[in-house]
1. For segment 16-35, how many residues are in contact (Cβ under 8 Å) with a residue 24 or more places away in the chain and out of contact with any Lys or Arg (no Cβ under 7 Å at 6 or more places or on another chain)?
2. Kindly state which helices (runs of 4 or more DSSP H) lie completely within segment 8-92 and contain at least 2 residues that are touching a Pro at 6+ places or on another chain (Cβ under 7 Å).
3. Filter segment 48-89 down to the residues that are at pLDDT 95 or above, closer than 22 Å to H36 by Cβ and among the basic types (K, R) and list them by number.
4. Test of understanding: among L75, L88, L61, which residue is in contact (Cβ under 8 Å) with a residue 24 or more places away in the chain, surrounded by 14 or more Cβ atoms within 10 Å (Cβ to Cβ), within 21 Å of D25 (Cβ to Cβ) and among the aliphatic types (A, V, I, L, M)?
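The values are calculated or read from the model by the stated rules, or taken from the named source; none is laboratory data. Just so we're clear, the structure is a prediction, and the values are computed from it rather than from any experiment. Note that we place each Cβ from the backbone using ideal geometry, even for glycine, and neighbour counts take in every protein chain shown.
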Amino acid sequence: MSRPASPALDWLRRMSAELVRTIHDSKVSLLAEKAHLSERERDVLRYLLLGRTCADIATILEISPRTVKFHQANLLDKLGADSRADLLRLIL
């Protein structure tokens, strides 16, 4: 039988997740600024780095999948990346 998690452990997990999210957002913002990405390209970049598909991103941003792919191609070019894997390399 497992014991229920303590309130302190729950708090620590929440704070850790928030810290990781904050660091991720900061790195994305720095990359976007250096590459002079448009606001929409920044949005697409954030979701790509979270592992979302182009179809998912299109639904979330209420644009067509083709438009997402257009923004993806532009941001990859501006960042000097060849693929989504390269984007992950840049963020790490």
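1. 3
2. Those helices (runs of 4 or more DSSP H) span 54-61.
3. K69, K78
4. It is L75.
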